[in-house]
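First the structure, in the form of structure tokens, and then the observations on it.
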Amino acid sequence: MLGWSINLFRVFGIQLAVHASFGLLLAYYGWQGWQYGGLIGMLWSVALIVLFFGCVVLHELGHSLTARRYGVRVPRILLLPIGGMAEMEQIPRRPAAELLITVAGPAVNFALVLLLLPLVWQPLLGQVPVMEFSATDMLVQLWWGNLVMGTFNLLPVFPMDGGRIFRALLAMRLPYMRASWWAVQVGRVLALVFAGVAVFVYDSPLAGVLFVFIFMAAGTEYRNLLRREQEDAYWAEVARRATPVTPLEADPLPPLLPQRPD
Ligand SMILES: [Zn+2]
């Protein structure tokens, strides 16, 4: 399924790709815009989605460029209708590094919220009327979009950014696997609570489904982590057994006693 993607262009050497289902999203919003505002409405809606996903790319670049500072390769950023995904090599198990890499994504959204604020504070406070399908309308939508994106990602639901931040903070005190286990359990309980709130309080089954997906993703990521841990332990054992316990004649180590100068 994830294979159905189209490569766009490279940003900072990272391949940007969109999943084929992204076309459905554009078609849906284009059609909605057409219903409310004809051609202008359609173009405006499509432009808004493109700009919004531009912000998603900036969020993912926040993670990716910070990860690169720690020597982690980031071959691709993939855009899906539900958001973006920076595909990274394994992040080093250093809580401080993981914390910074994770925080950098939402930080980009909050930076955009601050940058856009001078342009939108008057319309936001109702001091200036906002025309439908205007540039101001679009800026206001993008402002809200970034505020929601930054805040939503900080919910401590693993494997979302907030959950990873929680794990990194735990991992400063606990062994890595123990910290991951706790982050996953807390995240799963919260994901179910948020799913319930979304469905029964906000009457939003779509958000409910999203949290159920996040709940399942937490389990998958934890199982992968466990498997990798077991594989690492296996190969460490293989390497240990393959290494002769006492190095023989070919020992390249220098003699222990200083040699007497002739
Ligand atoms: Zn993120």
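Each value in this text was obtained by applying a stated rule to the coordinates, not by laboratory testing. No experiment lies behind these values; they were computed from the predicted model shown. Note that each Cβ is placed from the backbone with ideal geometry, even for glycine, and that neighbours are counted across all protein chains shown.
Miscellaneous remarks
- Farthest toward the positive end of the dipole of the range 1-154, out of 44, 120, 149, is the Cα of 149, where the dipole comes from beta carbon charges about the Cα centre.
- Gain upon complete extension [residue 192, residue 47; 0.36 nm per residue less C-alpha separation]: 48.8 nm
- Cα-based equivalent ellipsoid, the range 155-241: semi-axes from gyration tensor eigenvalues, Å: 32, 14, 7
- Charge-dipole axis of the chain as Lys and Arg at +1 and Asp and Glu at -1 on Cβ define it, positive-most pick from 238, 204, 16: 238
- Given +1 at the Cβ of Lys and Arg, -1 at the Cβ of Asp and Glu and no other charges, the dipole of the chain around its Cα centre is 440 debye to the nearest 20.
- Taking the chain as a Gaussian network of alpha-carbon nodes connected by springs under 10 Å, the highest mean-square fluctuation of the residues 159, 118, 106 belongs to 118.
- Straightening the chain between residue 225 and residue 206 buys 4.0 nm, computed as 0.36 nm per residue apart minus the Cα-Cα spacing.
- Cα-based convex hull volume of the chain per residue, rounded to whole Å³: 217
- If you look at the Cα atoms of the range 1-154, you get an Rg and a Dmax of 17.1, 53 Å.
- Ordering 218, 31, 172 by the projection of their Cα atoms onto the charge dipole of the chain, which places +1 on the Cβ of Lys and Arg and -1 on the Cβ of Asp and Glu, puts 172 at the extreme positive end.
- Dipole size of the range 155-241 about its Cα centre, with +1 on Lys/Arg Cβ and -1 on Asp/Glu Cβ: approximately 320 debye, rounded to the nearest 20.
- Across the range 130-135, rounded Karplus estimates of 3J(HN,Hα) from the backbone phi angles (6.51 cos²θ - 1.76 cosθ + 1.60, θ = phi - 60°) give 9, 6, 5, 6, 9, 5 Hz, Gly and Pro being marked x.
- Rounded FRET efficiency, nearest 0.05, which uses the C-beta distance separating residue 136 from residue 39 and R0 of 22 Å: 0.65
- Taking 214, 40, 165 in turn, the Gaussian network model of the chain (Cα-Cα springs below 10 Å) assigns the largest fluctuation to 40.
- For the peptides 74-80, 203-209, residues were scored by their other Cβ atoms within 10 Å and the scores averaged per peptide; the highest-first order is 74-80, 203-209.
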